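J.: Dumping the structure here so I can ask a few things about it.
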Amino acid sequence: MGATEVTLVTYHYVRPLAGSRFPRLKALDLAVFERQLDYLAANYRFVRTDEVIAAYRGEGDLPANGVLLTFDDGYSDHFRYVLPRFLDRGISGAFFVTATAALDRELMDVNRIQFTLASAGDVTALIDEIETGIEEGRGEFDLKSPSEYRAELMLPNRFDGPEVAYVKRLLQAALPDALRARLAARLFRRFVTSDEAGFVEELYMGPGELRTMRQSGMHIGLHGNHHVWLDKMSRNDQASEIAGSKRVCAAVGQPETGFSFCAPYGRYNCDTLDLLREAGCAFAVTTRSAVARLTDPPLEVPRLDTNEVPKA
Ligand SMILES: [Zn+2]
């Protein structure tokens, strides 16, 4: 009889931070990642994505203390730093990739905002700029006043303090799309770089790297066509998002059904689950923080964040 639980762990950036161009980026330092791998190797058994999927189907057993490492957003970090270490240690991870970033080489909003925050230094200067943009935009868009936005959105969450959470909420969702795109682009140009295309080439894996990952035994999953909140979209728009995200399957040479999925920002609803089922999704992970049980629905499998797992 196999284990009834398995631990999935979520990672985003994994890179050497000291001496890097963005030392303040909220990334997991490579040396700390290696220590966490040592810890996990001593206390867990690494399992493969296909073993986890089979166990959820009742078609295979998992070992006790199984752990599956998962990586969101398709960063080049995963190819450059994670893949070689996984090959050395015989580990297979799951890598969830956003189609417009990997294939169309578009910068995701979430990254535009993260790198702006990492480069700007002082978050109050960023807030000033955004609030000035809100005041200027009040004739053109239906907007609240900055103090109303502050009252609603300047609150800490699981990962960020109130000011950083406020910037992210404004630029990711709260402001009208056209205004937040305009403000985020302006801030990115000012604080990070005017060469967005070059930045994208550096930041994300492309089709060639993804194929190499897959050929090296890594699992490639889908993470949206655009990196957006699915639960805010109509059912039709969600269906297009899921269809668009399946382009990654073709690009890496895997079947279009039986794929795995990770909703951007962990945001999904009942429509998302229906549409994923219709589209042939086999397995989907969330951002709910828990050790996964095989009794969890296979399209809503929880994960711990790397910060919730010991590093030594
Ligand atoms: Zn993501």
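The values are calculated or read from the model by the stated rules, or taken from the named source; none is laboratory data. All values derive from a computational prediction rather than experimental measurement. Every residue, glycine among them, receives a Cβ derived from its backbone with ideal geometry; neighbour counts consider all protein chains shown.
J.: Just to be sure I understand the filter: pairs with C-beta atoms under 9 Å, separated by 6 or more residues or on different chains, first member in region 123-141 and under 12 Å from Leu183 (Cβ atoms), second member surrounded by fewer than 19 Cβ atoms within 10 Å (Cβ to Cβ) and among the acidic types (Asp, Glu). Which pairs pass?
T.: Going by the 9 Å Cβ cut-off, the qualifying pairs are Leu126/Glu163; Ile127/Glu163.
J.: Same structure again: When you check Gly121 against the structure, is it at pLDDT 95 or above, surrounded by fewer than 21 Cβ atoms within 10 Å (Cβ to Cβ) and on the phi > 0 side of the Ramachandran plot, yes or no? It would help to see each step written out before you state the result.
T.: On the way: at pLDDT 95 or above: no; surrounded by fewer than 21 Cβ atoms within 10 Å (Cβ to Cβ): yes; on the phi > 0 side of the Ramachandran plot: yes.
It is false that Gly121 is at pLDDT 95 or above, surrounded by fewer than 21 Cβ atoms within 10 Å (Cβ to Cβ) and on the phi > 0 side of the Ramachandran plot.
J.: Within region 192-227, track down each residue that is in a loop (DSSP other than H, G, I, E, B), more than 16 Å from the ligand (Cβ to nearest atom) and not β-branched (Val, Ile, Thr).
T.: Selection gives Ser194, Asp195, Gly206, Ser216, Gly217, Met218.
J.: Return yes or no: is Leu230 at pLDDT 95 or above, farther than 17 Å from Val97 by Cα and surrounded by 14 or more Cβ atoms within 10 Å (Cβ to Cβ)? Lay out the reasoning, then the answer.
T.: Working: at pLDDT 95 or above: yes; farther than 17 Å from Val97 by Cα: no; surrounded by 14 or more Cβ atoms within 10 Å (Cβ to Cβ): yes.
Against the criterion (at pLDDT 95 or above, farther than 17 Å from Val97 by Cα and surrounded by 14 or more Cβ atoms within 10 Å (Cβ to Cβ)), Leu230 does not qualify.
Yes/no per residue for (1) within 16 Å of the ligand (Cβ to nearest atom); (2) buried (at least 17 other Cβ atoms within 10 Å of the Cβ); (3) of a type in the set (Ser, Thr, Tyr):
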position: Ile130; (1), (2), (3): no, yes, no
position: Glu148; (1), (2), (3): no, no, no
position: Arg158; (1), (2), (3): yes, no, no
position: Ala185; (1), (2), (3): no, no, no
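J.: Within region 48-94, take every residue that is of a type in the set (D, E, K, R), within 16 Å of the ligand (Cβ to nearest atom) and over 16 Å from Phe259 (Cβ atoms) and give me the one that is surrounded by the fewest Cβ atoms within 10 Å (Cβ to Cβ).
T.: Asp77
J.: Out of region 239-255, which residues are within 16 Å of the ligand (Cβ to nearest atom) and touching a residue at least 24 places away in the same chain (Cβ under 8 Å)? Walk me through it before giving the result.
T.: Taking region 239-255 as the starting set, the residues that turn out to be within 16 Å of the ligand (Cβ to nearest atom) are 241-242, 244-245, 248.
Ile242, Gly244, Ser245, Val248 - these are the residues of region 239-255 that are within 16 Å of the ligand (Cβ to nearest atom) and touching a residue at least 24 places away in the same chain (Cβ under 8 Å).
J.: How many of the residues in region 1-11 are touching an Asp or Glu at 6+ places or on another chain (Cβ under 6 Å) and either more than 28 Å from Ala64 (Cβ to Cβ) or buried (at least 19 other Cβ atoms within 10 Å of the Cβ) (or both)?
T.: The qualifying residues number 1.
J.: Is there a residue in region 143-154 that is touching a helix residue (DSSP H, G or I) at 6+ places or on another chain (Cβ under 6 Å) and in a helix (DSSP H, G or I)?
T.: Within region 143-154, one or more residues are touching a helix residue (DSSP H, G or I) at 6+ places or on another chain (Cβ under 6 Å) and in a helix (DSSP H, G or I).
J.: Within region 289-297, can one find any residue that is of a type in the set (Asp, Glu) and over 27 Å from Gln172 (Cα atoms)?
T.: At the first step, the residues of region 289-297 found to be of a type in the set (Asp, Glu) are 296.
From the residues that got through so far, the ones that are over 27 Å from Gln172 (Cα atoms) too are 296.
Yes.
J.: Let me ask another. Could you please let me know if Ile113 is within 16 Å of the ligand (Cβ to nearest atom), among the aliphatic types (A, V, I, L, M), under 27 Å from the mean Cα position of the chain (by Cα) and crowded, with 18+ Cβ neighbours inside 10 Å?
T.: For Ile113, the condition - within 16 Å of the ligand (Cβ to nearest atom), among the aliphatic types (A, V, I, L, M), under 27 Å from the mean Cα position of the chain (by Cα) and crowded, with 18+ Cβ neighbours inside 10 Å - is met.
J.: When you check Phe79 against the structure, is it part of a strand (DSSP E or B) and at pLDDT 95 or above, yes or no?
T.: For Phe79, the condition - part of a strand (DSSP E or B) and at pLDDT 95 or above - is not met.
J.: Just give me the residues in region 13-26 being under 15 Å from the mean Cα position of the chain (by Cα) and under 10 Å from Asp77 (Cα atoms), in sequence order.
T.: Listed by number, the residues that qualify are Tyr13, Val14.
J.: Further, regarding this structure: For the condition touching a residue at least 40 places away in the same chain (Cβ under 8 Å), in contact with a Phe, Trp or Tyr (Cβ under 9 Å, 6 or more places away or on another chain) and within 26 Å of Glu308 (Cα to Cα), what is the one hit in Ala173, Ala165, Ala102, Ala118? I'd like the intermediate steps shown before the answer.
T.: Details: Ala173 fails: within 26 Å of Glu308 (Cα to Cα); Ala165 fails: touching a residue at least 40 places away in the same chain (Cβ under 8 Å); Ala102 fails: within 26 Å of Glu308 (Cα to Cα).
On inspection, the qualifying residue turns out to be Ala118.
J.: Find all pairs meeting these conditions: Cβ atoms under 8 angstrom apart; at least six residues apart or on different chains; first residue within region 181-197 and of a type in the set (S, T, N, Q); second residue assigned to a helix (DSSP H, G or I) and modelled with pLDDT of 95 or more.
T.: Thr193/Phe199
J.: Please specify each residue of region 47-74 satisfying the condition of being assigned to a strand (DSSP E or B) and either among the β-branched types (Val, Ile, Thr) or more than 27 Å from Leu28 (Cα to Cα) (or both).
T.: Selection gives Val67, Thr70.
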